[in-house]
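K.L.:
Here it is, the structure in full.
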Amino acid sequence: MSLSLSTVDTQLHISTGKQPEQTAHIPLSEQLKKQLLEICTQYQRLRDSNSNEALMAVGSDLFGLINVNTVAINDWLNSTGSRTLTLYADVTPSNDQALLLNLPWELLANNGRFVCDDDRPFEVIRRIGKAATPKAPQNPNLTLAFMAADPGFDSKLNYEAEEKAILQAFGGPKAIELVVDDSGNLKRLSERLNAMGYCEVMHLSCHGGYLDSEQKQDFALMLEDDRFGVKPARVEDFIALSNKIDTLFLSACHSAEINSQPSMAMRLTATGFNHVVGWDGPVADHAATAFAAEFYHLIQNQHTVPFACAYARKKLLKQNLPHWHLGRCYIGPHGGGALIDGQKAPRKSRKGKSCYDLLDKAKREVKVASKATFVGRRRQTKQAIQHFEQNNKAGVVLYGVGGTGKSSLAARILDRLEPGYKAVVIYKHYQASDILMALQGAYKGPDATTLFATLISQAAQRPQDFEFILSNLLENQFDATPIVLVVDDIEQHILQPLDKEQTAAQVKPEYQGVLSAIINAFDGADSQSYLLLTSRYRFALPDNFGNNLADKLAFIDVPDMTKTEQLRHWLALLQTSDNPAQRDSEKDQTYLAQILTHSKGNPGLQAILYSPLLGQEYAVLEQTLSKIAQLTTGDSRTTRPTDDLDKYLQRLALETYANALSYTETELLRILSMFDFALPRALFEQAGAQLGIDDIEKALTRLDNFGLMIHWQGEGLDNHISCYQIAQNVVEPLTIDDRNAIAQILSPILWQLWFSDAIEVNQLPQAEDIEQLINVFEDRTQRAEKAAIVGKNEKDIIFTPLEYSRLPYFYQCHFTHAVIDRTQLDIPAFVMVNILELLLGTSFYAKLWISLTVLSKQKEDLNKAIIVKVLNTVEEHKTIAQKEQASIIKEILSRCAYRPELLHQAFKHYFATLEPSTIELLAKVDLTETHAKYLTTIELAKEQSAQEHAKACGDYALFLENQKQDYDAAEAYYLKAIELAPNDSDFIGNYANFLADQKQDYDAAETYYLRAIEANPNHVNSLGSYANFLADQKQDYDTAKTYYLKALKADPNNAITLSNYANLLADQKQDYDAAEAYYLKALKADPNDANILANYAKLLFILDQQNKAIAMLDQAQSQQGLRLDLQVECAFYRFAHCPPFNLAPLKTLVLKGARSMGWVLDNNVQKARLEGHPEPELLQQLAEVISKNADIAKLEAFELWLKSECD
Amino acid sequence: MTQIQFKLANDQQEVADAIAQFVADEFGQTVHFAPDKTGVNSPHKAAGIGELLWLVATAVATVEGSLQFAERVARAKRVKALLALIKAKGQSVLIKIGNKPAEDLLNKSVDETMDLLADKKADEDSEKQ
């Protein structure tokens, strides 16, 4: 029975029916209003108390107010079924209406008992606007969007408990569609809701408060921005959502409180929401949680919102929980109906499958969980963002056991940072060149190509400069558009295996330099860019002083999911399944419990076991669980099993799934297993009959049920699928003939699907064009240049970036498996293809041209011509290989470093007839590792000649010395090279340099220099190096001069020797004229050598040719990737000789540790003194620091040094 | 080697010829349909089916093991054509492979028939529930 209260003019109308006699009219006198206001005030004082006695007094007063027509009220009170009290107000309530709405009618009490404390529900409805027909429910099941916001993690709200309670409330026989959004951000949630179309309830769990605490007019919900900061959400922020959501549940304090302004709940109802539930004051966390749990339980059972509120209120009262009376239910004109109708036909599944996203969108690598299925990890996300913003660490390391979602977490962190930050992801390849190449992709400057080519070259020659290079890039090129450098999965390559006793893994020696450089660069650079690493383990990285560089990083533990997170994860996955509402929830819960028990925290196995549950393949799931149970019987550990057992169990599960497939389904899985990249689903749909599968949809669905097939999302990846990686190994592999046949079917369709736009604007190439192209590539002298021209121009003109990124995959699909007229060949398809690829270098466009030709059936003659050409070229290369084994090996190694399968094939083809052991050797090594590459070259060279063997050892020694600073190993290889080639001046001279530079064993060095010269008296490098040694170490300038002249006699145009000799003449002999002549000769030989330019500038300052000197300095400093020692020299010259004697650039470099050890600066200091330099003593001290590494603290004695700022 | 038996109503000469051609193409065997003497277990007793006079043909072939892709595609095409004919005629054609229960091709899809012929069926208890 219904009771309604409304205000008409100055009267309060109390109605129990539509007939006039059923309405009582009470004048709203000032006295009555005062009385009502007092009730409000009294309630505000009492609402926080848990004194039901006092509250009942308020409720009794209210009852007295409405008990005008005693008979009617009694009828209402004693009516069977639900008793409803409706308070009517306009969209813009009058003061009287606001007063009425503000009264705590929920407390209504009679005869010492709350009205709500009864089996019959007592619904209190605050209706805003004129009542109209309630909106009919659209669906048989409820969609609930839940979002908790906890800005700064300091709300102390236990929103996880609230979420859990809601989840449990829906654990009954009928399922719901639950969308949990972890962002805490209304904008992000709105995006998801927009994509969903419509949802019955949005539940927000957060703090609410007044932004103007005094006036209490500006109420907002405390939601989050992308950085976990507070982002207040006011009424106007929700308006756009009112047609997408029926009911808003604002689980926030004060959200339904009326002050001088109408409450937020009331105003939101006025904007168009059918129902808004909120709290009239501060509410205890646990009370709000209990209220929500009961509320949703009722909603799920198809009750109305006011009804659900009534029961929830009663339940809190029964449980003696505080604030049971604070919940308020506002409804709009179309509110009041049930939210769901169980009789309705189920809505069509509107969600896609569980999709994978990409961490590295540029290279399309690193599969991660999609936003829809990645839940939890808010704390870790927040921690990472906080570290970034506080800038108190060089970077952040997400660490935890495999499968806990570290990469997925990294992707979500990137989501929060983009688009302000650009992600640069390093994965699988972690050398300095790999990092620089990845950075090049993120840098859009016009000089990108030349700049990074120079930097990569510099880093290769002087690995110690990498830190400075990176630091410089962060401060300059990435200053305006900062980056997040993500170094993913470092334990895979960079770290040594973790011993049981260790708490932190060691970094492999070959990666220590590059990882140190990265950490130091991010630590020292004045930059907004961030560093983010993921690793299974913590790690330690000692620097030269014994400090652990890893201490500069913040390590964030990414543990296994909590039970709540697991439940949330499952529910998120459930939403991706077909018709989640039609599922048998009890069955789901039973299996879910078993899955969690059997997977013991192994997220990989857990994910694999979820698949058949999602696909409702219960029998297979049961069979799988049983097998796992048998294997793990007696294993009473509650902790996760070892990695090996993990993998075994995962494979066991997948094998069980594969066995459950029909023959046709198995064949489809075999076809999918050919590809390790994503292909359009339409490709298989279109090819179905040609692949011998009649109902391809049905077969794909079955694979889907078991998670044997995965879905992708992202640019160019929507509706793309691939075989689950581990599942590739549980089916019998296809033969080459099968692969060939399948690829011939799929390639033309794939070409149409992926490149239809390009097809429209391009015609197939003519036969002669292709022949010409092949000729270009055969010409080794022109190849690189032409390839660059063809590749760059053509790709830019013809293909979009997406199409371009697809080319290698298309190529792989077509060429790796398909064969050109294989009957013409007596070699396996892949051999021919790989050789062809070798010939074509890296031009994707050229490959595509040929692929196109292959696809064109009209061009068979040309195909044959290509085959003949390839085979002839192979023969030619074999002949060359016989003669020039070392150079061929080196070239192949350098060109195919990241394609081991290609390398193996090339070696096999060129050298297989020589040594089968070579093939065996190559099959074992990982040629993507630089060390392995050198060692393999040494092993191969052993079979060739002692000279080649020596050269391979000598090259490795140089690599070890210069790039790895592994001096012991370097010395061993130098000595090995010398042992193998005792009269080769190259090796002996290099070893002499090593002795002098690294071991400071000058006597031994001199012996080897003389031995090198004795072996070859005209060996320029040895003569020049010995001259340098005599000048620098022995200060024997006369003998040095003799050897410089000998070296110049052997090679008069050697720029380095000319410049070094000029240095000697200038610095030691003060023969400036002669020195200038030699500098000019050196510059003639190499006009852009920054070293010579800077040295010549130094002399010109002494010679008072200041303008010319500055021009030389400008030219030197304009060179890309200038070495650090040269930078500091140039900065010194400018401070010494160029008014206004700007110290800042020099100070910056000196503080960064830039030095030029042994370089003579004294004559410049002297000259500067004579020129009247304002700070001659400071200049002198700077010279000491730079050239002799004097204590930098001495500079602090100079005021100018202290005052000067850095650049 | 497995015995494959086909059983169909005696007024289906066109289908019988198509099956004989199918067996010849697939298994390289020549088969002749003859009146049924031994009977083939029917999976069910469809209305009227028991009263028909039957023709039976038997082939002995290897059905185990996997086919090359191209062979499988070719088989799928033949199966599709055969089933199209059977469905056009609308009468039952029973197939019995080895000791397994006979199946009616009239009610089978191309893929199901391929599964039968490959003798690789999903695990007995793995049907979706």
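The values are calculated or read from the model by the stated rules, or taken from the named source; none is laboratory data. Keep in mind that this is a model prediction, so the values were computed, not measured. A quick note on method: Cβ atoms are made from the backbone with ideal geometry, for glycine too, and the neighbour counts reach across all protein chains shown. These area figures cover heavy atoms from the full protein model, side chains too; ligands, DNA and RNA do not enter into them. Shrake-Rupley method; radii C 1.70, N 1.55, O 1.52, S 1.80 Å.
K.L.:
Report the FRET efficiency, 1/(1 + (r/R0)^6), for A:ALA689 and A:GLN343, where r is their Cβ-Cβ distance and R0 is 45 Å, rounded to 0.05.
P.N.:
About 0.65, to the nearest 0.05.
K.L.:
Each label point is 7 Å from the Cα along the Cα-to-Cβ direction; what then is the distance between the points at A:VAL8 and A:LEU1103, in nm?
P.N.:
11.0
K.L.:
Also, I was wondering about something else. For a label point 7 Å from the Cα of A:ASN259 along Cα→C-beta, name the residues of the stretch A:195-219 whose backbone N is under 15 Å from it.
P.N.:
Only A:208-219 pass the distance filter.
K.L.:
Something else: State the Cα centre-to-centre distance between the stretch A:938-1013 and the stretch A:690-732 in whole Å.
P.N.:
Value for the Cα centre distance between the two parts: 55 Å.
K.L.:
Please give me the summed charge of the neighbours of A:VAL235: other residues whose Cβ is under 14 Å from its Cβ, Lys and Arg +1, Asp and Glu -1.
P.N.:
The answer is -2.
K.L.:
In terms of the Cα gyration tensor, with a ≥ b ≥ c the square roots of its eigenvalues, is the stretch A:406-491 rounded because a/c is under 1.5, prolate because a/b exceeds b/c, or oblate?
P.N.:
Since a/c reaches 1.5 but b/c is at least a/b, the shape of the stretch A:406-491 is classed as oblate.
K.L.:
Could you give the length gained on full extension between A:ALA972 and A:GLU21, defined as 0.36 nm per residue of separation minus the Cα-Cα distance, in nm?
P.N.:
In short, 331.2 nm is gained.
K.L.:
Is there a pair in A:LYS1034/A:LYS1084; A:LYS231/A:LYS422; A:LYS508/A:LYS1194; A:LYS976/A:LYS999; A:LYS976/A:LYS1188 whose C-alpha atoms are over 26 Å apart, and which pairs would that be?
P.N.:
A:LYS1034/A:LYS1084; A:LYS508/A:LYS1194; A:LYS976/A:LYS1188
K.L.:
Could you tell me the relative contact order of the stretch A:477-532? Use alpha-carbon pairs under 8 Å, at least six residues apart, and round to a whole percent.
P.N.:
In percent, rounded to a whole number, it is 52.
K.L.:
Would you calculate the separation in nanometres between label points at A:GLN461 and A:THR41, each defined as 7 Å from the Cα along the Cα-to-beta-carbon direction?
P.N.:
With each label placed 7 Å out from Cα toward Cβ, I get 8.7 nm.
K.L.:
OK, next. Return a whole-number percent for the relative contact order of the stretch A:441-599, with Cα pairs under 8 Å and 6 or more residues apart as the contact set.
P.N.:
21
K.L.:
While we're here: Using 1/(1 + (r/R0)^6) with R0 = 41 angstrom and r between the beta carbons of A:GLU30 and A:GLN319, what's the FRET efficiency to the nearest 0.05?
P.N.:
0.50
K.L.:
Let me ask something additional. Could you please state, rounded to a whole Å, how far the C-alpha centre of the stretch A:243-260 is from the C-alpha centre of the stretch A:610-627?
P.N.:
Between the Cα centre of the stretch A:243-260 and that of the stretch A:610-627, the gap is 43 Å.
K.L.:
Now for a different question. Zone of A:ASP119 (label point 7 Å along Cα→Cβ, backbone N under 12 Å): which residues in the stretch A:57-95?
P.N.:
A:80-81
K.L.:
Just to be sure I understand the interface: list residues from the stretch A:663-706 that lose 30 Å² or more of accessible area between the chain on its own and the complete protein assembly, 1.4 Å probe.
P.N.:
A:TYR663, A:THR664, A:GLU667, A:GLY692, A:ASP694
K.L.:
Below 14 angstrom from the Cβ of A:GLU685, what's the summed charge of the other residues (Lys, Arg +1; Asp, Glu -1)?
P.N.:
For residues surrounding A:GLU685, the net value is -2.
K.L.:
Taking 0.36 nm per residue of sequence separation and subtracting the Cα-Cα distance, how much length would be gained by fully extending the chain between A:ASN1018 and A:ASP1191, in nm to one decimal?
P.N.:
Taking A:ASN1018 through A:ASP1191 to full extension adds about 58.0 nm, to one decimal.
K.L.:
Something else now. Can you figure out the FRET efficiency of A:ASP1001 with A:ARG651, using R₀ = 60 Å and their beta-carbon distance, to the nearest 0.05?
P.N.:
0.60
K.L.:
Next question, about the same structure. Restricting to Cα pairs below 8 Å that are 6+ residues apart, what does the relative contact order work out to for the stretch A:1022-1137? Please round to a whole percent.
P.N.:
Once normalised by length, the contact order is 17 percent.
K.L.:
Now for a different question. Can you tell me the length gained on complete extension of the stretch A:ASP434 to A:GLN1033, counting 0.36 nm per residue apart and subtracting the Cα distance?
P.N.:
Using 0.36 nm per residue and subtracting the Cα-Cα distance, I get 211.9 nm.
K.L.:
In nanometres, what is the gap between the two model label sites at A:SER49 and A:LEU753, each 7 Å from Cα along Cα-to-Cβ?
P.N.:
7.2
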